[in-house]
Amino acid sequence: MMDWTDRHCRVFHRLMTRRARLYTEMLTTGAIIHGDRSRLLGFDPSEHPLALQLGGSEARDLETAAKIGEDFGYDEINLNVGCPSDRVKDGRFGACLMAEPALVAAGVAAMKRAVKIPVTVKCRIGIDDQDPELALDVLARGVVAAGADALIVHARKAWLNGLSPKENRDIPPLDYDRVYRLKAAMPGVPVIINGGIASLGEAKRHLAYVDGVMLGRAAYQEPWRLLNVDPEVFGEAAPHTTMKDVFEAMMPYIEDQLARGTRLHSMTRHFVGAFHGVPGARAFRRHLAENGVRPGAGVNVLRDAIALVEGRAVAPMAA
């Protein structure tokens with residue numbers, strides 16, 4: 001998710017689940033090839049398993065960017081053919097590429113030639129006036145034939161003409177059954193479902209029909225849900241029992257980043273939903289909002305905010 005899942009966010013999320021795969025923000029091939037690679041692609045070793053999500057349409061650029069990502073140590077390269085923002089439409093990448101399945105397949109083939117790690121595709125079920133039954137099938141079969149190792153499908157159309165990017169996240173109706181039918185038609189291909197999934201309980205119900213579930217806004221806005229992923233999905237203990245334990249484990253990373261010149265707010269902006277719905281959560285958010293942005297704000301600002309949350313409200317809630 002652009003501007004959301006940066007390296008600080010991912011380190012935070014990894015402290016709640018060892019097993020879930022984390023994804024970067026979508027990065028354009030141009031930025032990776034010509035930009036500051038250390039800033040854009042650098043990550044903490046704790047983040048593995050970690051996928052690099054690319055935006056682009058030129059096969060040669062995708063090949064180059066994928067190889068750079070592999071050399072940086074990413075575990076997967078994911079091509080985004082689902083983002084509906086104006087920026088991606090103008091740049092000929094993202095959801096508008098649903099209309100050019102042959103071009104997407106050519107990009108996948110180029111990346112597969114360049115790297116040994118898995119190459120996956122994230123898409124919508126269609127765009128605008130496309131028939132999802134035909135559009136999704138054509139795209140899916142094309143990229144799988146080109147070598148794609150898995151498909152991640154946001155189970156709603158993107159309406160590029162008439163809706164804003166924000167509206168495209170909510171207004172087009174969800175059609176989970178269409179994704180289920182894709183999996184049934186391609187049983188040998190891993191299919192991961194995405195879109196409007198608000199809880200771990202919902203995610204587990206989808207797993208009866210598909211191979212995986214991607215959580216976006218639910219995981220970001222209410223990160224405490226991730227504490228239940230390893231126990232409930234993988235049958236393993238979570239890395240930490242409570243959100244307060246997570247924050248204690250996060251402190252050395254925060255202190256190291258502060259010493260490197262990172263502003264506290266760049267990290268704490270990802271924490272606002274950590275204690276959603278529990279006593280003291282509002283005071284926690286207010287304290288971070290008022291004090292975390294101040295020049296020179298240090299780790300004690302976060303410690304003071306955490307202390308405002310009642311001690312009994314530390315266990316993971318029902319997901």
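Worth pointing out:
- Residues satisfying the stated conditions in region 268-298, i.e. among the small types (Gly, Ala, Ser) and touching a helix residue (DSSP H, G or I) at 6+ places or on another chain (Cβ under 6 Å): Gly273, Ala274, Gly292, Ala297
- Against the conditions (1) modelled with pLDDT of 95 or more; (2) in contact with a Ser or Thr (Cβ under 8 Å, 6 or more places away or on another chain), Gly94 satisfies every one except (1).
- Met2, sole failed condition from (1) in a loop (DSSP other than H, G, I, E, B); (2) touching a helix residue (DSSP H, G or I) at 6+ places or on another chain (Cβ under 7 Å); (3) under 22 Å from Arg263 (Cα atoms): (2)
- When Pro316 is tested against (1) buried (at least 18 other Cβ atoms within 10 Å of the Cβ); (2) at pLDDT 95 or above; (3) within 30 Å of Glu202 (Cβ to Cβ); (4) of a type outside the set (Gly, Ala, Ser), exactly one condition is not met: (2).
- Residue match in region 110-119 (condition: at pLDDT below 95, open to solvent by 10 Å² or more (accessible area, probe 1.4 Å) and touching a helix residue (DSSP H, G or I) at 6+ places or on another chain (Cβ under 8 Å)): no
- Count of region 29-66 residues which are open to solvent by less than 60 Å² (accessible area, probe 1.4 Å), closer than 20 Å to Val11 by Cβ and outside any helix (DSSP H, G or I): 8
- Region 216-225: number of residues that are buried (at least 18 other Cβ atoms within 10 Å of the Cβ) and either free of Cβ contacts under 8 Å to residues at least 24 places away in the same chain or among the small types (Gly, Ala, Ser) (or both): 2
- Subset of region 156-181 (residues that are of a type in the set (S, T, N, Q) and either surrounded by fewer than 16 Cβ atoms within 10 Å (Cβ to Cβ) or modelled with pLDDT of 95 or more (or both)): Asn161, Ser164
- If you go through region 5-28 and keep only what is open to solvent by 60 Å² or more (accessible area, probe 1.4 Å) and either over 19 Å from Ser266 (Cα atoms) or assigned to a loop (DSSP other than H, G, I, E, B) (or both), you end up with Arg18, Arg19, Arg21.
- Considering Ala237, Ala259, Ala297, the condition of being over 27 Å from Asp170 (Cα atoms), surrounded by 16 or more Cβ atoms within 10 Å (Cβ to Cβ) and among the hydrophobic types (A, V, I, L, M, F, W, C) is satisfied by Ala297 alone.
- Subset of region 186-202 [of a type in the set (A, V, I, L, M) and either within 14 Å of Val153 (Cα to Cα) or in contact (Cβ under 8 Å) with a residue 40 or more places away in the chain (or both)]: Met186, Val189, Val191, Ile192, Ile193, Ile197, Leu200
- Flag set for His265, criterion: touching a helix residue (DSSP H, G or I) at 6+ places or on another chain (Cβ under 9 Å), open to solvent by 10 Å² or more (accessible area, probe 1.4 Å), in a helix (DSSP H, G or I) and at pLDDT 95 or above.
- Some residue of region 6-15 being free of Cβ contacts under 8 Å to residues at least 40 places away in the same chain and hydrophobic (A, V, I, L, M, F, W, C): no
- When Tyr253, Tyr209 are checked against the criterion of being touching a residue at least 60 places away in the same chain (Cβ under 8 Å) and among the hydroxyl-bearing types (Ser, Thr, Tyr), Tyr253 stands alone in meeting it.
The values are calculated or read from the model by the stated rules, or taken from the named source; none is laboratory data. All values reported here derive from a predicted model rather than from experimental measurement. Here Cβ is always computed from backbone atoms with ideal geometry, including for glycine, and neighbour counts include all displayed protein chains. For accessibility, only protein heavy atoms count, side chains too; no ligands or nucleic acids. Shrake-Rupley method; radii C 1.70, N 1.55, O 1.52, S 1.80 Å.
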